[in-house]
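Novice: After the structure tokens below, expect a handful of questions from me.
Read the figures in this text as sums done on the coordinates, not as results from a lab. Here the structure is a predicted model, which means the values were calculated and not measured. We place every Cβ from the backbone using ideal geometry, glycine too, and count neighbours over all the protein chains shown.
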Amino acid sequence: MKRSRIPLLTTLLVLAFFYLPIGMLVLHSFNESRFGTRWQGFTMKWYERLLERGDLWEALVHSLQVAVVASIGSMVLGTFAAFALQRHRTRLQTTHRMLITLPLVLPDILMGMSLLLLFVALGVQLSLWTVGIAHITFCVSYVTLVVQSRLQDFDFQMVDAARDLGATRWEAFAKVVLPLLAPGILAGGLLAFTLSVDDFVVTFFVKGPGADTLPVVIYSMIKKSREFPVVNAMSTLLIAITFVAVWGSQRLTTGRDS
Amino acid sequence: MRSKAGRGEFLTTLPSFVWLLAFMLVPGVLVLAIAFRTTNPSGGIGDGWTLSQFRVFAEPSIHVLLWRTLWISALTTGLCVATALPVAWFLARVREDWRPRLLLLVIVPFWTNFLIRVFAWNQILHSEGWLARGLRAVGLLGENSSLLYNPGAVVVVSVYTYLPFAILPMYAAAEKFDFGLLDAARDLGASSARAFGSVFLPGIRKGISTALAIVFIPMLGSYVVPDLVGGTDGQMIGNKIAQRNFSDRNLPSASAMSAVLTLMVLAPLLLRRKPRGDTPDEP
């Protein structure tokens, strides 16, 4: 019986398909050519240009501020939600589950549009805060999923035991449930952080003037000022940070397993 | 014990329930309501009620746009699932210690900013890029035709951005599949193709249906990809919503279009509800 080569070949092609565009981006960030079409010699000038851009640093700070608010907010909401969904099987939880699932499938543009209308209808001034509220909204579902998977083999009798021993509801939650869930909550928070930093569409709809996050500035650099080589240089830096972070976390986790 | 649960359940459900009610369900209903409002002179929400925001859906240009949105989404979804199938198979059969590494290779590019990944393609498909020049040199691309700014570019870049979302659920299903069943089918006389079609595909159908939904639904609301690589011929309904909102400053009109998009999104979700019930019992 011969085994088909198709799965192996497709996988290799898919990996090439995934990494080639990223490789080209990195290569072009060192290209002298303004339009990145032909190779015209090695240069670092786009990186120097990047360092001069104060607006990018300001946008990065905005992105990080929103991401911190979004991850803390969604960690709190998501942990309670996961606990309720996992512990109780009632009609209320069926509705609750539907509410939690909806943001996972709702296209970004609809979420951005509907939140914009809400803020406009309420007369709320758009700012970095409205962006934070929007980000919490789409992050809650992801945190809930991650924490729920951690709760899968959680023994709820421990909560009852703590209550029987005289703990109040909050003591039982804070001293028994939270410590056991901490790794799941942190993993969910990290996911929320990355989702928040990456988001463009929702942010674009609900951001206030002067509240540009990094993706919003990148978008206007691509779309309006067309500073392609500078975007290449920044992309390369961001990609490098991502790869180092992944490599680091891999080392940490494999180190713990062995 | 059950009776005690009441207050605890209420307290733990309240925060997320109220938050999502206020910032998802209410805004969603608001979109549907504002779609029926008039536009005031500054582009905001007027006082009167009207059906005129939906008049635009009688125009042929919108039909073209809706149809294009549907076929680009369907084609992208089909290509993603078709490509993810052999990859999921390979990942599920490869040596166990290789799997986490290969999975990581699949996921890592997608921790790079979404806009940057789309932008990378902008340069690859550029009319003066090496790919376009190479294709012109061998006569596969006409002198004046471009790889960028057409529906094809939207499909390629969309497949690039959504493929991992198809691979992951299909791998998760394939990993649980008992490949011994395929040998059994062949021992019983089935051809390899028959075993694949009648045993493997039904075996991972949950993964396939998740992949279909996870790609198709967000694709319907696609905005950034057609905006950056689609050009005028590659625009989708999402671009029209953004245009009505940011350029034309007509919130009620943008709401009407969002309402129609919401219906398009909910339709497959409601259809998907049924098969979910017949989950086979896990041993």
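Novice: Could you sort A:40-49, B:149-158 so that the peptide with the highest average Cβ count within 10 Å comes first and the rest follow in order?
Specialist: Details: A:40-49: 12.9, B:149-158: 22.0.
Per-residue mean Cβ counts within 10 Å order the peptides as B:149-158, A:40-49.
Novice: Here's a follow-up. For B:LYS176, go through the aspartates and glutamates and keep the ones whose alpha-carbon is under 15 Å away, minus same-chain ones fewer than eight residues off.
Specialist: Leaving aside aspartates and glutamates fewer than 8 places away in the same chain, those within reach of B:LYS176 are B:GLU96, B:ASP281, B:GLU282.
Novice: For A:SER149 and A:ASP164 in one chain, what is 0.36 nm times their gap in residues minus the Cα-Cα distance, to one decimal in nm? Walk me through the numbers on the way to the answer.
Specialist: On the way: separation 15, 0.36 × 15 = 5.40 nm, distance 2.67 nm.
Length gained between A:SER149 and A:ASP164: 2.7 nm.
Novice: Then there's this: Answer with one residue from A:MET221, A:ILE136, A:SER33: the one whose Cα lies farthest towards the positive end of the charge dipole of chain A, charges on Cβ with Lys, Arg +1 and Asp, Glu -1.
Specialist: Of the options given, the answer is A:SER33.
Novice: May I pose another question? Among B:MET24, A:MET113, A:MET158, what is the fewest-to-most ranking by other Cβ atoms within 10 Å? Intermediate values should be presented prior to the final figure.
Specialist: Numbers: B:MET24 23, A:MET113 34, A:MET158 13.
Fewest to most other Cβ atoms nearby, the residues stand as A:MET158, B:MET24, A:MET113.
Novice: In addition: Give me the dipole magnitude in Debye, nearest 20, for chain B about the Cα centre, with unit charges on the beta carbon: positive for Lys and Arg, negative for Asp and Glu.
Specialist: Details: 25 positive and 17 negative charges, 89 e Å.
So the dipole magnitude of chain B works out to roughly 420 debye.
Novice: Once the Cα atoms of helix A:6-28 and of chain A are each reduced to a long axis, what angle between those two axes, in degrees from 0 to 90 to the nearest 10, is obtained?
Specialist: 60 degrees
Novice: Something else: Suppose R0 equals 30 Å; then what is the FRET efficiency for A:TRP39 and B:LEU104 from their Cβ-Cβ distance, rounded to the nearest 0.05? All intermediate terms of the calculation are to be shown ahead of the outcome.
Specialist: On the way: r = 31 Å, r/R0 = 1.03.
Computed FRET efficiency for A:TRP39 and B:LEU104 comes out at 0.45.
Novice: What average number of partner chain Cβ atoms lie no more than 10 Å from the Cβ of the residues making up A:5-11?
Specialist: Numbers: counts 1, 4, 10, 6, 2, 9, 12.
Partner Cβ neighbours, averaged per residue: 6.
Novice: Same structure again: Taking only the alpha-carbon positions of the protein assembly as shown and ignoring solvent, what does the Debye formula give for the base-10 log of I(q)/I(0) at q = 0.08 Å⁻¹?
Specialist: For the requested q values the scattering log ratios are -0.59.
Novice: A follow-up question, please. If amide H atoms are built 1.01 Å from N in the plane of the peptide, which residues on other chains or at least 5 residues away come under 5 Å of the amide H of B:ARG37?
Specialist: Long-range HN contacts for B:ARG37: B:THR50.
Novice: From the C-alpha coordinates alone, can you work out the Kirkwood hydrodynamic radius of the stretch B:57-246, in Å? Could the numbers behind the result be given before it?
Specialist: On the way: mean 1/r = 0.0537 Å⁻¹.
Every distinct Cα pair counted, the radius reaches 18.6 Å.
Novice: If contacts are Cα pairs under 8 angstrom and at least 6 residues apart, what is the relative contact order of chain B in percent?
Specialist: Details: 297 pairs, mean separation 76.4, N = 283.
Worked out over chain B, it gives 27 percent.
Novice: Going by average Cβ density within 10 Å per residue, which order do the peptides B:257-270, A:210-223, B:222-235 take, highest to lowest? Walk me through the intermediate numbers first.
Specialist: Working: B:257-270: 17.8, A:210-223: 20.4, B:222-235: 22.1.
Per-residue Cβ counts within 10 Å, averaged per peptide and sorted highest first, yield B:222-235, A:210-223, B:257-270.
Novice: Separate question: Listing A:MET98, A:MET75 from the residue with the fewest other Cβ atoms within 10 Å to the one with the most, what is the order? Mind dumping the intermediate values first?
Specialist: On the way: A:MET98 11, A:MET75 23.
So the residues, fewest neighbours to most, are A:MET98, A:MET75.
Novice: Once you charge only the Cβ atoms, +1 for Lys and Arg and -1 for Asp and Glu, what is the size of the charge dipole of the stretch B:97-235 about its Cα centre, to the nearest 20 debye?
Specialist: 200 debye
Novice: What is the spin-label model distance, in nm, from A:LYS223 to A:VAL120 if the labels are put 7 Å beyond Cα along the C-beta direction?
Specialist: 1.6 nm
Novice: Order of A:HIS96, B:HIS63 from fewest to most other C-beta atoms within 10 Å? The partial results should precede the final answer.
Specialist: Values: A:HIS96 23, B:HIS63 11.
In increasing order of surrounding Cβ atoms, one gets B:HIS63, A:HIS96.
Novice: For the stretch A:6-46, what are Rg and Dmax over the alpha carbons, in angstrom?
Specialist: 14.1, 44
Novice: Could you compute Rg(Cα) / (2.2 N^0.38 Å) for chain A, with N its residue count?
Specialist: On the way: Rg = 22.8 Å, N = 258, 2.2 N^0.38 = 18.1 Å.
Dividing the Cα radius of gyration by 2.2 N^0.38 Å gives 1.26.
Novice: Report the number of Lys pairs in chain A whose alpha-carbons are under 24 Å apart, with separation of 8 or more residues or on distinct chains. Don't skip to the end; give the middle numbers.
Specialist: Details: A:LYS45/A:LYS223; A:LYS45/A:LYS224; A:LYS207/A:LYS223; A:LYS207/A:LYS224.
Here the count comes out as 4.
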